[in-house]
Structure formats: structure tokens, C-alpha cells
Amino acid sequence: MVSVVRQPVRFTDFVLGFLRLIRVQNLLIVVLTQFLARIFLVGPEPDGSRADWLRILTDPTIWLLSFSTGCIAAAGYIINDYFDVKIDLINKPDRVVIGRYLKRRVAIGAHQVLNVMGCLVGLYLSRWVFLIDVVSVSLLWFYSAQFKRQPLIGNVVISLLTALSFIALAVYYRQNAQMLLIYALFSFGISLIREIIKDMQDVRGDARFGCRTLPIIWGLRRTKYLLYVLIGLFVITLFLIADSLNNNRLTIIFLFLLIPLSYFTYRLVVADTRRDFGFLSTFCKLIMLMGVLSMVWA
């Protein structure tokens, strides 16, 4: 049985536990990503004047769009932890929140409220944003309940959801959509690699509860071979797209990103322990952050 809250929890512990549950630092990165994409990819006027940047930052639509995305992402983190309490007690016991700081019914209630808020704001903005929100909510539920325990499909689903933060901008603003979709592809590729790495890190707890992730059914060595192929395809695809658009800035950005990707690949070759894969998962986040910040020059 999963442990439950047996005594009153201090309010500060409740708040800190809830913030940890919704991965507030990840949500801030999502919001930062959408704001940077709005400023530098969708863009100000051609002269790039400061007044245009200020106009963008004071435009309520980007705030509403980021709020909608953030609510649904937070709800996704909650439902993921809700279904994974038993597994997380083995893989990362110090980070378990549900049952320690929040009761299960409180967590599921917060999940529902955040989903409704996110979808309603999306509907206010656009029926297409609302459609993306509904698809995201549905995929997050099925991912947490079933897909993440299956080989590859769960990894692909969560990576697609990461890319949707750019796709929502492309659908809503319809300006410079090509650049937004390139960064959506970048987010998808890095997220897919990271999700497989996370499965390699959590193989012990996942195997105990009957999950059939790639590292469990293939083993770590064969899963590494797949990652080498994915990294190669990812790099080749990015350079082909930059070349097809005749965008020299993108080509230079991707050349710089080859440095951390090469180091990542080297560390993957020698990785063998849970700690090694934990480092690689964190390093993927760093590469993702570098990619996000590169929008300033793209």
C-alpha cells in the first residue's frame, strides 16, 4: 500500500510540496521558452525596436497562452506522479510528494482544476489552441496511465507534448511558423533522447512494477545503440532543414550545439550506473536550455 498523510502537514510544507509536485522550475522554463519564441521567432517589427518588444511583453495574449500551457503542464506532472507513487518510492523516494505532503484526492482535484482552467483560457484565445489543449490533456492522461509503461510510445508521446508549446504559438500567431516548427522539432528530438535516458535510469523500479520500457525489453546496450541512431538522425535533420531554408544563423547555432551533443554522446558510451544516466538526463536539460536561448540569435 502507498503511504498516506497520517498527521497534519504544515502549510509551508504543503506549499513547497505542491510546488515540487508541479515542477515549478520546469514550468518557468516553459513560460520563458514561449516568451522568447514570441519575441525572437514570431518577432517584433522588422526594425526590432525596443517599443515593439515592450508591446509584445505587455500583450495579454502571450500571457494567457503561457498561462494555459503552464496549467496543463502542471496538471500533467500531477497525474504522472499520481499514477507513479509506488514506482517513485523505489526510484526516487526523497522526491515523492503525493501521500507525504498532499493527499491523493487533493492531488487529483488540483489536476482537474488546472486542466479546466488551461482549456478554458485556450478556448478564449482560439478554437485551435483549445483543440491543442484538449489533445494535450488527453495524451497526458493516457501517457501517465498506460503509455509510459510501454516501449517507445510513451517516450514519443511526452516528446510530442514538449513540442506542442511551440506548435501552439505557430497555430495562434501564424507568423514565421517555419522557425517555430524547427524549434518544435528540436524540442521533440532532445526530449525523446532524454525520455529514453530516464527509462534507463529508472529501470529497477519500472521492472518491479511490470513496465515494458525499452531498457527492460532490450537491455541497456541495445537501447544505447538506438540512442546513437536517434542522435545521428537528429543532427542530420537539423542541418538539412537549416540548409533548405538557406539560414546561416541556424547552421552556426547547430554547429555550436554539436559541442555539448558530442560530449553527451561520449558520456553515453561510458555510462553504466544509475548515477551516470541521471547526469545524462540533467545534461539533456542543459542542451534544451541552450537551444531555447539560441532563439535570441536565430
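Structure summary
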{"item": "Helical mean residue ellipticity (222 nm; -39500 (n - 2.57) per DSSP H run of 4+; nearest 500) of the chain", "result": "-25500 deg cm²/dmol"}
{"item": "Theoretical FRET efficiency, 1/(1+(r/R0)^6), r = Cβ-Cβ of VAL116 and PHE142, R0 22 Å, to 0.05", "result": "0.75"}
{"item": "P(r) histogram, all alpha-carbon pairs of region 96-135 included - 10 Å bins from 0, percent", "result": "31, 33, 24, 12"}
{"item": "Mean Kyte hydropathy of 0.0 or more with a Cα span along the axis of at least 20 Å, helices from DSSP in the chain", "result": "60-83, 104-125, 127-145, 153-173, 177-201, 220-244, 248-270, 274-293"}
{"item": "Protection proxy ranking of 57-64, 19-26 - average other beta-carbon atoms within 10 Å, highest first", "result": "19-26, 57-64"}
{"item": "Long-range lysine pairs (8 or more apart or interchain), the chain, Cα under 23 Å", "result": "14"}
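Where a number appears in this text, it was derived from the coordinates with a stated rule and is not lab data. This structure is a prediction, so every number in the text was calculated from the model and none was measured. Backbone-built Cβ (ideal geometry, glycine too); neighbour counts: all protein chains shown.
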